[in-house]
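Shown next, in structure tokens, is the structure this report addresses.
The values are calculated or read from the model by the stated rules, or taken from the named source; none is laboratory data. None of the values given here were measured: they were computed from a predicted structure. No Cβ is skipped: glycine too gets one built from the backbone with ideal geometry, and neighbour counts run over all protein chains shown.
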Amino acid sequence: MTATGKINVQTENIFPIIKKFLYSDHEIFLRELVSNATDATQKLKTLSALGEFKGEQGDLTIEIELNKDAKTLTIKDKGIGMTKEDVEKYITQIAFSGAEEFVQQYKDKAEANTMIGHFGLGFYSAFMVAKQVEIFSFSHKEGAKAVHWTCDGSPEYTIEELDNVTQRGTSIVLHIADDSEEFLEQARIETLLKKYCKFLPVEIKFGTKKDWIKKEGDEKETDPDSYRDEVDNIINNPNPAWTKKPVDLKDEDYKAFYKELYPMVFEEPLFHIHLNVDYPFNLTGILYFPKLSNKFETPKDRIQLYSNQVFVTDNVENIVPDFLTLLRGVIDSPDIPLNVSRSYLQADGNVKKISSHITKKVADKLDELFKKDRADFEKKWDDIKIFVEYGMLSDEKFYEKASKFALVKNTDGKYFTLEEYQNHVSTLQTDNDKRVIYLYSSNPVDQHSFITSAKDRGYDVLVMEGPLASHYINHLESKLENTAFVRVDADTVDKLIKKDEEQISKLNEEEKKTLQPVIESVVPKEKFTVVFESMSEKDNPMLITQPEFMRRMKDMSAMGGGGMNFYGAMPDMYQLVVNSNHPLVSKILAEKDAEKQKQLAKQTADLALLSQGLLKGEELTKFIKRSVEMIN
């Protein structure tokens, strides 16, 4: 007997709302329907384990069938099935979730936690791509009759019981709409299945594929085609590594799973973190530390977010702290709502708790690695430095933990913790104001002469390079008491760390006034300020410095520092420092021929510019030609 009815909804316009607003992407329908099929299968396993279903489970593989000629896509499971009453209850009353009710009924049973649940409107996502949907279902209950339900996308539906059906489970048949025929393409469906269902806990079959199978009795390959057999195309791995206990996995298992997640990534990860928490929330997963380049980039597709092995998103920005998006791997929690609205996910309380916990676990893992094998940790430091610096900049709790294992490296390649380094330099590098001055270089090759001058005085120089360096230095200055960072080329070496003693100048003020316009005439006034300093005769006759504050503000502006745009728009400004104690400077002053004097000043200034990479183009060509003439 066939019956008709109306779907119990509050508005006749529910289907247009589902199609347009409920889901941000129509392809999500496949995830919802296959997840429902998985639920039905998991329910059967639970009832069987509890002794409430005594029949044979048999093959529980979920099958996806595509019929391009008939324009249908079918999702078929061999799970718990539905009676006519079940269909009317769970299908015709929109937003009443069968998985939700089942979990509540069996909430004290461990097996109930395998339910994906919380779908509600999931089944109706089918109408985003289908002009008609049919359900064929046969319940596991004794004496039940099979049922056939059909709906064309309006609130009207028909339902009838069927005889002579023996296959337990449910088949959802989608008659694909004309505007959604992309979902009749095999490649499109297989791509979606691998995206959303790659790790669902029940095997999913999508047709067959040819595989290489050596026939028994064959001793050598003759015709390669004789080794190609049709086998089921199982598109998922029902038991991924993160669902197993860490004690049951070896290092090669973690590496193999990394290759499964990222088949096109050829470098092995540096190390991994296995997340396994059951209180106060459920959380499993594996996070990998890849080798990070010195470029600052936050990829949007490295960490994959799952809910009970159902793919939710690979864009976890604003769901986990930004610095964690530099990692790769999987996070899985049934406490994360399987809802495609990112704003909903970001506001969810459980998501925030999970995010904080992951941050703590990552910090704890790094601390453990540092304490366990410091030498190995130092070898990996340059590859994870950006991650740690970014975390310390953006997360206060992470900073507190990371400050114990975060390293700095000097120009000799030696590593120190922050506390170790302060003890290392505080005696010699404390200035008149009782501040410990951390000298650093952002480019040891370009700034080699400045580094040499500093080291000649016994000072130590750090290497602080990379896109986050200026922000990180600023942050450390705000955290470390009585400490300042000064780039090694920010001033003359004797002024980098101000001490009581001062060099006596060989030039008096009158001689400086005489020489200043000569020097100013050989460099652009809009870019360079000429100053005289009393330095050692061993130091260069002239050198270029760039004041620390302005240069640092410009660097931060280039990285998008808030409120720094003003500095970013300003031109680069430098000081041309004249060493008033160098014999060559005295020679320039003593030269009576104005043309020769200017040429000598120009050559000396150009040497200073050349050492900083500031001599280019035509000026560099002239310098080379002039140098050859002077040698001749």
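Scanning region 146-163 for residues that are aliphatic (A, V, I, L, M) and more than 14 Å from Thr92 (Cβ to Cβ), which turns out surrounded by the fewest Cβ atoms within 10 Å (Cβ to Cβ)?
Let us first name the residues in region 146-163 that are aliphatic (A, V, I, L, M), namely 146-147, 159, 162.
Checking which are more than 14 Å from Thr92 (Cβ to Cβ) leaves us with 146, 162.
Numbers: Ala146: 22, Leu162: 12.
So the residue we want is Leu162.
Could you list, in sequence order, the residues of region 44-63 that are surrounded by fewer than 17 Cβ atoms within 10 Å (Cβ to Cβ), touching a residue at least 12 places away in the same chain (Cβ under 8 Å) and assigned to a loop (DSSP other than H, G, I, E, B)?
Correct list: Leu50, Gly55, Gln57, Gly58, Asp59, Thr61.
Yes or no: region 337-357 includes at least one residue that is at pLDDT 85 or above, buried (at least 21 other Cβ atoms within 10 Å of the Cβ) and not in a loop (DSSP other than H, G, I, E, B).
no
Among the residues of region 520-556, write down those that are of a type in the set (Ser, Thr, Tyr) and either outside any strand (DSSP E or B) or not assigned by TED's automatic domain parsing to the domain that holds Asp606 (or both). Don't jump to the end; show me each part of the working.
Filtering region 520-556 for residues of a type in the set (Ser, Thr, Tyr) gives 521, 529, 534, 536, 545.
Across region 520-556, the qualifying residues are Ser521, Ser534, Ser536.
Report yes if Asp39 is at pLDDT 50 or above and part of a loop (DSSP other than H, G, I, E, B), otherwise no.
Numbers: at pLDDT 50 or above: yes; part of a loop (DSSP other than H, G, I, E, B): no.
Against the criterion (at pLDDT 50 or above and part of a loop (DSSP other than H, G, I, E, B)), Asp39 does not qualify.
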